Structures are given as C-alpha cells and as structure tokens.
Amino acid sequence: MSFKEIMNGSKETTIAGLFAGVALIAGELSDLLDNDPATLFDITVVVAAVGMIVGFLRARDNNKSSEDVGLKKTN
C-alpha cells in the first residue's frame, strides 16, 4: 500500500491518526531527552502510538464507500 493509496480515500482519518500518534511519541521523546532523572520514558506509550498510527492509516473515513477507496464488491 503506497502513501498515495492511503491518502486517496481517507484523508481525515489518516491525518487524525498521524497527529495523535506523533504527539504521543513527541511527548515520550521529550521525557527521554530532558536530562531529568525524575521523568520516565514509557515505551508502552510509544508502542501504543505506533499501533494507533497503523490503525488510523488503514481505517476508512465514515463518508467513503468501499468502491470510493478502490475495494471491489465480491459475491
């Protein structure tokens, strides 16, 4: 699946997932790189954020039909 195929039919869902996932990862990177031993890096948040990004990339917008995103109906 190419980036063009991902963005072709589900722009809203893809953008929402990317923003949310990147925000979570950036927050954890900030904790990792702040040189304060009191703040802890949580790898589970990063793994969950990556999973969320993948899920939102593969999800389809509610206002798109299967045919709109290139899926064919089978009998």
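Examine the range 32-49 for a residue that is in a helix (DSSP H, G or I), small (Gly, Ala, Ser) and at pLDDT below 90, and state whether such a residue exists.
No: zero hits.
Counting only residues that are under 13 Å from residue 53 (Cβ atoms) and at pLDDT 80 or above, which one in the range 1-18 is surrounded by the fewest Cβ atoms within 10 Å (Cβ to Cβ)? The residue in question is 15.
Taking first residues from the range 26-42 that are touching a residue at least 12 places away in the same chain (Cβ under 8 Å) and partners that are charged (D, E, K, R) and part of a loop (DSSP other than H, G, I, E, B), the Cβ contacts under 9 Å between residues at least 6 apart in sequence or on separate chains come to 28/42. Which pairs do you get when a residue that is without any contact (Cβ under 8 Å) to a residue 12 or more places away in the chain and closer than 23 Å to residue 10 by Cβ, found in the range 43-55, comes within reach of a residue that is outside any helix (DSSP H, G or I) and polar (S, T, N, Q), reach meaning Cβ atoms under 7 angstrom, with the pair 6+ apart or on two chains? If the second residue must be outside any helix (DSSP H, G or I) and polar (S, T, N, Q), no pairs are left.
The values are calculated or read from the model by the stated rules, or taken from the named source; none is laboratory data. None of the values given here were measured: they were computed from a predicted structure. Don't worry about glycine lacking a Cβ; one is built from the backbone with ideal geometry, like all the others, and counts go over all protein chains shown.
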